[in-house]
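Worksheet for the structure shown next.
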Amino acid sequence: MSKRISLTQYLVEQQREHGTIPAQLRLLIEVVARACKRIAIAVNKGALGDVLGTAGTDNVQGEVQKKLDVISNEVLIEANEWGGHLAAMASEEMDSIHVVPNRYPQGEYMLLFDPLDGSSNIDVNISIGTIFSVLRKIGHARGISEEDFLQPGKQQAAAGYCVYGPQTTLVLTVGSGLAMFTLDRETGSWVLTDSDIRIPEDTQEFAVNMSNMRHWAPPMKRYIDECLAGKTGPRAKDFNMRWVGSMVADVHRLITRGGVFIYPWDQREPEKPGKLRLMYEANPMAFLVEQAGGAATNAKERILDLQPTKLHERVSVVLGSKNEVERVTAYHREGG
């Protein structure tokens, strides 16, 4: 781009054009973006910063926490709790919500985040990231509880993710399309590098953990079998498979060039509707993907229409290029 546009300038111009970014929301996004810069520094130091390996604790899901999980969670809380733009926060790494302490003013928004997505890739130097979602507080005259967070994803005020890879990249929506920013490490600034991003409706690429195929429901097996059959199969075209194991990395790839990301129901834990978290991963990613012209379902329903019933609810995820998502969803609706 001939003119370098900063994150702040982008948000101000969005406010002027669409009138959808109040001052508190703009401040919140800027603070989250600054926190992501701090996390990026910690990630980049790796072994030199003594941030690799496990923290010796488990999170609310019973998963072993990595040192960077804990560090990233603390960075996001410390950065956001004092600014007056938030009422409370919720994290994949915390049992319950973190209400803004009484010594600070309480704002109109609530922040949810997966502080470091793709934790299994931390120690092997593969792209990981931060995912965040912003909701408006409902009922300002009273206190705040977990129930306030249980809003359908379509009510998000903003969402985004940051990828800590060869470049540090921030992808953001405030409900008026998708914008991508790259961190200029020399100046410490987020610079707009792409906007009005569109995901192609058709694709020949899918991202899924194929090692689990034997545990999937028949409609999901049918879809993947058809992709694998290639030109001689019912789809009459060859597909490529990609799988990083960090949702941010896999979704970033499809936002950049198209594709479909799938994390399906698994019969090994039949009582769980899926593996990924609705509030911290599926909702923000679905919002972003839809803003770029893609689609996102739980294999039967639009993710953004789902009514959460608990803070750490899980869900199946199929998102990306619209026509492929619709095909997978149709197979599941037909197959029951």
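The values are calculated or read from the model by the stated rules, or taken from the named source; none is laboratory data. Quick caveat, the model's predicted, so the values are computed rather than measured. Every residue, glycine among them, receives a Cβ derived from its backbone with ideal geometry; neighbour counts consider all protein chains shown.
Listed here are the residues, each with its yes/no results for (1) under 30 Å from E147 (Cβ atoms); (2) among the acidic types (D, E); (3) surrounded by 24 or more Cβ atoms within 10 Å (Cβ to Cβ).
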| residue | (1), (2), (3) |
| --- | --- |
| M220 | no, no, yes |
| I224 | no, no, no |
| T232 | no, no, no |
| V251 | yes, no, yes |
| R257 | no, no, no |
| R268 | no, no, no |
| G274 | yes, no, no |
| N298 | yes, no, yes |
| E326 | no, yes, no |
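If you take the residues of region 238-270 that are charged (D, E, K, R) and within 14 Å of V163 (Cβ to Cβ), which of them is farthest from the chain's Cα centre (by Cα)?
R253
Got a sec? Which of T232, T203 is polar (S, T, N, Q) and under 29 Å from F132 (Cα atoms)?
Only one candidate qualifies: T203.
Would you say P200 is in contact with a helix residue (DSSP H, G or I) (Cβ under 7 Å, 6 or more places away or on another chain) and in contact (Cβ under 8 Å) with a residue 12 or more places away in the chain?
No; evaluated as a whole, the condition is false for this residue.
Say whether the condition of being touching a Gly at 6+ places or on another chain (Cβ under 7 Å) and touching a residue at least 12 places away in the same chain (Cβ under 8 Å) is met by at least one residue in region 224-231.
The answer is no; no qualifying residue exists.
Name the residue, out of V317, V244, that is aliphatic (A, V, I, L, M) and buried (at least 22 other Cβ atoms within 10 Å of the Cβ).
The unique qualifying residue is V317.
Within region 283-336, restricting attention to residues that are of a type in the set (S, T, N, Q) and in a loop (DSSP other than H, G, I, E, B), which residue is farthest from P219 (Cα to Cα)?
The selected residue is T309.
Can you find even one residue in region 278-290 that is crowded, with 18+ Cβ neighbours inside 10 Å and free of Cβ contacts under 8 Å to residues at least 24 places away in the same chain?
yes
Got a number for residues in region 111-161 being part of a loop (DSSP other than H, G, I, E, B) and either of a type in the set (G, A, S) or modelled with pLDDT under 95 (or both)?
14
Go through L288, L311, L254, L306 for me and flag whichever is touching an Asp or Glu at 6+ places or on another chain (Cβ under 7 Å), under 24 Å from F113 (Cα atoms) and modelled with pLDDT of 95 or more.
Step by step, each of L288, L311, L254, L306 is checked, and only L311 is touching an Asp or Glu at 6+ places or on another chain (Cβ under 7 Å), under 24 Å from F113 (Cα atoms) and modelled with pLDDT of 95 or more.
Tell me which residues, restricted to region 174-200, are over 23 Å from G153 (Cα atoms) and hydroxyl-bearing (S, T, Y).
The answer is T182, T187, S189, T193.
Out of curiosity, is L172 of a type in the set (A, V, I, L, M, F, W, C), surrounded by 15 or more Cβ atoms within 10 Å (Cβ to Cβ) and out of contact with any strand residue (DSSP E or B) (no Cβ under 8 Å at 6 or more places or on another chain)?
It is false that L172 is of a type in the set (A, V, I, L, M, F, W, C), surrounded by 15 or more Cβ atoms within 10 Å (Cβ to Cβ) and out of contact with any strand residue (DSSP E or B) (no Cβ under 8 Å at 6 or more places or on another chain).
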